[in-house]
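The values are calculated or read from the model by the stated rules, or taken from the named source; none is laboratory data. Predicted, not measured: the structure shown is a model, and the values here were computed from it. Glycine also receives a Cβ, built like all others from the backbone with ideal geometry; neighbour counts cover every protein chain displayed. The area values use the complete protein model at the heavy-atom level, side chains included, leaving out ligands, DNA and RNA. Shrake-Rupley method; radii C 1.70, N 1.55, O 1.52, S 1.80 Å.
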Amino acid sequence: MNEHQGAGARQVLSHSSVYSSVFRIPAIPPATSLPPFPRQEPYSLIFDHRLVQTETQLQCAREWRESGSLTPTMAEVAAFVKPKPRPIIRIGLFLISQSLLVSIICCVAGVLALLLLPVLAKNTYISENALMPGSASPMLSSADASDGHIFLNKIMSMDSTSTNTGTEIPEMIGKHIIESGGEVNYHQIQPISDNFHPLQFFLGPDVGIVQENYSCTSYGINTVGIVRAPRGDGKEAIVILTPYNSVKTTTSEALSLGVAYSVFSLLSRVSWLAKDIIWLAADSRHGEHAAVAAWLRDYYALSRGDLEKNQDMCVASSVLGHELTSVQRNGVSNGFRRAGTMAAALVIKVADSSTGFEKDGLKIYAEASNGQMPNLDLINIVNYLAVHGQGLQVRVEKIWSLLDSWWLYSLGELQELLGKVAKSLNPDWKFGIPASDYVEGCATLASSLYNQALGVPTGPHGAFRDFQVDSITLEFSPRFSSSQRVLFLLHVGRLVEGVIRSVNNLLEKFHQSFFLYLMTSPSRFVSVGVYMIAFALLIAPLPLVAAALFSDKLKSGKDDVSLEPSHPGESFPTFTAWNWLHTAKTVLIVHLWGAIVTIIPYFLSQFPNSSPLTNLSMWIASSLVGLFFTCAASGSLSISRASQLQIREWTLLKAVTVTAAFIGLCLMSVINYATAQIGALLLVPMCLMAVPLRIDMADKTMKALLRGACNILLVFAGFPPTAFLMMRGALDSFERVRIDDFWNWTESLRAWNSATYIYICMVHLPCWVLCIRILLLRR
Amino acid sequence: MSRLESCLLMFLALCSVTQSINVEELNEEFTESLLLRPLPDRKVLAHFHFRSSAPPSKTYGRHHHIFPKSIYQLVHKFQVREMELSFTQGRWNYERWGGFDPISSSNAKPPGVELWAEFDVPQDQVDESWKNLTHALSGLFCASINFLEHSTSYSAPQWSFGSASGKLRYGTLPREAVCTENLTPWLKLLPCRDKAGLSLLMDRPSIYRGYYHSQRLHLKSDEFGASEMSTGMVLEQTLTVVLRPDTFSGKALQPSWSLSSLFGRSVSRKCSLSSSSNVYAQFEQNLLFEGDKLKEDREALENAISVGDGFEDNPLFELSLAPKRVIKESGNLQKAGSILYEFSVEDSNEFKPFDLGLNWKVPVAWSCPQAPLQASRFLLGSGNERGAIAISMKSTRSNNVERTSSYDENECWLRVGIFQMVPWYVKVYYHTLKLFLDGEPQSSMENIEKILVSPSEDKVSTGVLEMILRLPCSVNTAALTLEFDKGFLHIDEYPPDANQGFDIPSAVIHFADFVANMSFHDDSLKQVPILSKLQEEVPVVSYTEVLLVPLTTPDFSMPYNVITITCTVFALYFGSLLNALRRRVGEEERLLNGKGARKAGPLTLMISKLSAKLRGKKWEPPKQSESGRSSSKYKLLAKVVLVAGVAAAWQFYFQ
């Protein structure tokens, strides 16, 4: 018998060596003689082999039957009990079995890692050697600064005296540019048609050849002055941008124009230029960003200015052209002037309010659309030159309300204490920063994260980033009274000159330093390698929990099989295994509904003159109707059908929901990390906690009730409008929060083509609905 | 008979005349001259012109006194028929410095190095000669001209340059930096170098400080022609610089200058080997027109009698020296031509150096004559995937006035030739060629008179577009667009500083119907090389800007990371694959089984089996005791803790 069996086994082996070596299928005897499966089913995750009735197994069974005994012999059983999965699989199985603990640890660690980021931030350093900031002494003299001051006074007097039509200042700027030896052209701003291109950042702007439907309604006139580098080859250019309102110019705008003029007139004389300099005085009558974006769009396309020599059709330009003949025809043209590939752009602004500090202030804005940042080197040189060269006080934006939050301060003190303890143990261990620094870093980090997550540029520099040009906005806040303007112009002008000289030194485009980073102070940053940890820890439990739920479901499904007296071998295993497809269909339909929700506001925006509140309520109502209809049409969520089954199916539904959330968050982290991070903070606990309320109610233990309450709270907080309003309230004050802010907010996201909008509607909202669905499942 | 005699006499006379001419030509000659011209934007153009010529070596032999030997050898080795090499720094500002005069047409060059050469060899040896020539020139001029030897960097234009023989090759290096190390070998070709003569003025800091610097070498030889009437070799060396006088003269007045203030030096002696060394000061017709206007005004004001065309009473400016002669261009009907004042440096010496100066009297503004269309070229679109090249041409309103041939209002056409060379990694789709006239898209074929496209081949050849557009004279703007995809280079094809981007060489725009020449009444002026050069009929040519295309560039600074991650992925993949392949599950099972049996001991196993059989029960393998397993687990844990503890202690105490 033994021999016979051995021969049989060998025969099996020879027949099935290929299959078994690849799949390593345990031979399964007929169901009646099943030995008890080990509690941890090894292969359920990877491949449900029991369902695959391969040739081998059938043959095995046949041979057993032939051998006359239904009991498998020693060899088979030994082989069945023993196989030890590979360590990596065992680790996976262990993690899945401990998914609750793992997910708690991971989530807590993720939040902690996020809070630790200010501690882990590194000092910035200039990575590109060619920049050499501050290696040359500034050439801008006080004579240049006083020239700028005279220019400023002219603008101010012009603004106060005449009835301004918006053409005087461009004309005067043009005149000055020509006098200093530059070339001028005037660019008429055309409104950009309001199209929704959420994937524009991904595909890049079209290679537009000509703009269609050109209209004469002018939205202002940009003045463009160009200094050609005397010995340069004209392949590259640096842009100085000063937005100003041509109808009503404020003192601060005039100051920024004065700075730009003094720098420009200096640069037209210097001999070290290798790149051309473009000074764009953008008419911000109808928005800074619109003016800049219109100019950039024309710069990168065959624009009207290239095609038409005389734009006589439009009154404004003909007036302009007429006035300019008196100045000097040489150098002024209506045609569009270009100056090669842009290497960098600096936006110069002066804040209206003066600082209360000792020094002049400088605030750096860098976030462009969809969380894109300029190269860190650009911020570094500005920071370096401002601090070490001109003695300005550099700041980046921060959320002020976080500065006096007690819990952040105590956290800071805690980490300071830990740092001290570590240092006392080993003086080489240096971590931990002063608590006040920590709080400030946190506030800056939060602002950086929020601005990136929003996906809306924080200034006109955002328009450049859409064309892969590194740019930042420098907002200066003078401390003076008006008497010290020349000094201010001197300092700021020298800073701008230094930055331009650095960029001018650059042979290649910015590529050395980081593009993905968060700022915690002007001189400290967190790079992508560090901040991804927090996000990875947060979303790591999602696939684990999904796998755990799925394997649990399979197990319980198998229990069902054994309980029910139906034919075991035929259709039932297929049902349990592929059941998840059914739930996946539900999830897919809800996500489809999310896509419908995304486009509803376009139809709503067709109705003019409707208040934000009505729009918002219309949106919610139509979304609800849409949800009802999609569900009815698909029949997947209909309550009548299979309601008995569904309470058992909730684990499956949750598994698929969690998987969908995981995929959505991962995708979003590629597009915009900050959105994914904030979204994960909201979404991960909500998805992980979701358990049908009925089960909690039935359980009646303290733990279950607590869980139910948590679930309700999380779902309440996870609803996008409430999340938004709560955040607003927490950061600002609850009195000023209004419901219709949310509509305005989403409207702005949509207008700026932010991917965050897509994320909210197509990832967050469907997951939220599915969580509610899980909570409300009936028994 | 007498008739025959007279014929014979005539023939003899003719022969003697030709012989005498030959005898005249049989000498090597060197001339030098300098042309100065004030530019409207307070700058001064200085154009040095050196010409050395040698008679054909068939008659003259191979030994030269003046003509540089290296050039002679170059010509003979590679059988060069015509060649032009230019080193340029900066851009010629067509808008301000003009684009319609002979100097700008032949001396405004694209930044970097431009080389074209025509060979007198069979068609199949042309490429070979070109490659050798580039290497020879590279050594001669200390420049990286040898990079032009790759077939991906030069092209064979059919009709845009020189003759349409098909033996011409053209290449540019837009990124080549130009410096004194290129000037010194160039000066070595002059018989007096920069020790005497006009080249004394070439003070390196001053000429490299300028706004435009173009050093050019043009070589022409018909040594290898079949005709007997060969003129030998002619080498023309020109240096064109645009300088800004340092003298401060208020905001309105043009700055006054002198040679010593411009160059920091002055000419103390002429090059004794040169047959003529002249300095010319040129004043353009528009400037003179302003002067005339001013003069008329003044006359009207003062009722004074005009004193004539003498230069002393010129209301605009004053020259410090008296000119040897005044040469007037015979202008066309509308306007008078420009004026050249000739000065000779012959009688200058150490104590009385030649130092020409110009003083402006009144503020004046004028503009230079422009080419019929002003061309500019730029890139459309952004991103690393695709883009478009656009060439936009704007009318300067001079085409109707300055046109040489008579024209009819209706049948007036402007012929514009465009030559564009595109490197292969910029994959141009020539079918996307679009033409816009005054903003209206045209069906291209109507306005294209002639077009020749040779598409690029990856890593083999450049793409070349040659076309002649026929535009109506009344056109205001014309724009041409070509779309392209950006290609990928192999990792070792990236040049240093790859992140800068890649250059598309300048396009060449030429106006075949327009010739930029000056015509003088006096035919004797043809004897002076620079003046004959100015009278030469050259088509109006302008170069567009060099374009910088950013391509996708690998992160060269991270090869380690890339290698590491690739190796990890490979290791994981192959490891698991091999593991799966070489595993024999059955064998393992048997092995495990055997192990289990051995553990229990063969005897006890046998006994238990036997007893199980006897009892008719299922035999169960002996189980390992739980305690044993847990104890082994603890052992493992203890080991791990021990190792970790040792490591921590090590870290703590030994750092």
Failed item, numbered, when A:G134 is tested on (1) at pLDDT below 90; (2) open to solvent by 30 Å² or more (accessible area, probe 1.4 Å); (3) within 14 Å of chain B (Cβ to nearest Cβ) = (3)
request  = Any chance you could count how many residues in the stretch B:596-655 are of a type in the set (A, V, I, L, M, F, W, C) and either under 30 Å from A:K423 (Cβ atoms) or at pLDDT 85 or above (or both)?
outcome  = 15
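Go through the stretch A:485-518 and give me each residue that's away from every other protein chain (no Cβ under 14 Å), of a type in the set (A, V, I, L, M, F, W, C) and open to solvent by 10 Å² or more (accessible area, probe 1.4 Å). Break it down into steps so the answer makes sense when it comes.
The first filter runs over the stretch A:485-518 and keeps only residues away from every other protein chain (no Cβ under 14 Å), leaving A:485-502, A:517-518.
With the extra rule that they be of a type in the set (A, V, I, L, M, F, W, C), the set shrinks to A:486-490, A:492, A:495-496, A:499-500, A:518.
Across the stretch A:485-518, the qualifying residues are A:V486, A:L487, A:L490.
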ask   = Out of (1) away from chain A (no Cβ under 14 Å); (2) in a strand (DSSP E or B), what's the single condition that is false for B:M445?
value = (2)
message = Just to verify a result, which residue in the stretch A:533-568, among those that are open to solvent by 70 Å² or more (accessible area, probe 1.4 Å) and either modelled with pLDDT of 75 or more or not charged (D, E, K, R) (or both), is nearest to the chain's Cα centre (by Cα)?
response = A:I533
task = Report the residue count in the stretch B:499-528 for those that are of a type in the set (G, A, S) and either under 19 Å from the mean Cα position of the chain (by Cα) or crowded, with 19+ Cβ neighbours inside 10 Å (or both).
result = 4
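Looking at the stretch B:31-40, can you tell me whether even one residue there is assigned to a loop (DSSP other than H, G, I, E, B) and either modelled with pLDDT of 90 or more or touching a Ser or Thr at 6+ places or on another chain (Cβ under 7 Å) (or both)? Don't jump to the end; show me each part of the working.
Here is the first cut: in the stretch B:31-40, the residues assigned to a loop (DSSP other than H, G, I, E, B) are B:40.
Then keep just the ones that are either modelled with pLDDT of 90 or more or touching a Ser or Thr at 6+ places or on another chain (Cβ under 7 Å) (or both); that gives B:40.
The answer is yes; a qualifying residue exists.
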ask   = Are any of the residues in the stretch B:84-105 small (G, A, S), open to solvent by 10 Å² or more (accessible area, probe 1.4 Å), in contact (Cβ under 8 Å) with a residue 40 or more places away in the chain and at positive phi?
value = no
task = Output the residue which, of all residues in the stretch A:63-93 that are loosely packed, with under 13 Cβ neighbours inside 10 Å and modelled with pLDDT of 50 or more, is farthest from A:S447 (Cα to Cα).
result = A:K84
request  = Would you point out which residue out of B:E483, B:E545 is in contact (Cβ under 8 Å) with a residue 12 or more places away in the chain, touching a Phe, Trp or Tyr at 6+ places or on another chain (Cβ under 7 Å) and either among the charged types (D, E, K, R) or not in a strand (DSSP E or B) (or both)?
outcome  = B:E483
request  = Name every residue in the stretch A:226-250 that is in a loop (DSSP other than H, G, I, E, B), within 14 Å of chain B (Cβ to nearest Cβ) and open to solvent by 10 Å² or more (accessible area, probe 1.4 Å), in order of residue number.
outcome  = A:R228, A:P230, A:R231, A:D233
request  = Of the numbered conditions (1) more than 23 Å from A:T598 (Cβ to Cβ); (2) β-branched (V, I, T); (3) open to solvent by 60 Å² or more (accessible area, probe 1.4 Å), A:V670 fails exactly one; give the number of that condition.
outcome  = (1)
ask   = Given the conditions (1) part of a loop (DSSP other than H, G, I, E, B); (2) at pLDDT 90 or above, which single one is not true for A:E440?
value = (1)
request  = Kindly establish whether A:G134 is farther than 30 Å from A:G389 by Cα and either within 23 Å of the chain's Cα centre (by Cα) or in a loop (DSSP other than H, G, I, E, B) (or both).
outcome  = no
key: Checklist (1) aromatic (F, W, Y); (2) within 14 Å of chain A (Cβ to nearest Cβ); (3) open to solvent by 30 Å² or more (accessible area, probe 1.4 Å) applied to B:Y60, failing item   = (2)
task = State yes or no: is A:C710 in a helix (DSSP H, G or I) and open to solvent by 40 Å² or more (accessible area, probe 1.4 Å)?
result = yes
task = Kindly list, by first and then second residue, each pair from a residue in the stretch B:232-244 that is closer than 30 Å to A:R269 by Cα to a residue that is acidic (D, E), limited to pairs with Cβ atoms under 9 Å and residues at least 6 apart or on different chains.
result = B:R244/B:D41
query = Residues of the stretch A:460-484 being open to solvent by 10 Å² or more (accessible area, probe 1.4 Å) and aromatic (F, W, Y), which ones?
reply = A:F467, A:F480
message = Against the condition in contact with a strand residue (DSSP E or B) (Cβ under 9 Å, 6 or more places away or on another chain) and part of a helix (DSSP H, G or I), how does A:D377 come out, does it pass?
response = yes
query = Name the residues in the stretch B:387-416 that are open to solvent by 20 Å² or more (accessible area, probe 1.4 Å) and modelled with pLDDT of 85 or more, would you?
reply = B:K394, B:R415
task = Could you tell me which numbered condition B:S382 fails, if it satisfies all but one of (1) among the hydroxyl-bearing types (S, T, Y); (2) part of a loop (DSSP other than H, G, I, E, B); (3) over 26 Å from the mean Cα position of the chain (by Cα)?
result = (3)
message = Can you find, within the stretch B:161-181, the residue that is modelled with the highest pLDDT among those that are open to solvent by less than 20 Å² (accessible area, probe 1.4 Å) and over 15 Å from the mean Cα position of the chain (by Cα)?
response = B:L168
request  = Being under 28 Å from the mean Cα position of the chain (by Cα) and of a type in the set (A, V, I, L, M, F, W, C) is the filter here, so list the residues in the stretch A:500-526 that pass it.
outcome  = A:V503, A:F510, A:F514, A:F515, A:L516, A:L518, A:M519, A:F525, A:V526
request  = State which residue is surrounded by the fewest Cβ atoms within 10 Å (Cβ to Cβ) when the search covers only the stretch A:97-127 and only residues that are more than 26 Å from the chain's Cα centre (by Cα) and of a type outside the set (V, I, T).
outcome  = A:L101
Pairs where the first residue, in the stretch A:451-475, is over 21 Å from A:G493 (Cβ atoms) and more than 14 Å from every other protein chain (Cβ to nearest Cβ) and the second is of a type in the set (V, I, T) and open to solvent by 20 Å² or more (accessible area, probe 1.4 Å), C-beta under 6 Å, 6+ apart = A:N451/A:T458; A:A453/A:I678
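Could you tell me which of the residues A:P457, A:P427 is under 30 Å from A:S748 (Cα atoms), open to solvent by 10 Å² or more (accessible area, probe 1.4 Å) and not in a helix (DSSP H, G or I)?
Unique residue meeting the criteria: A:P457.
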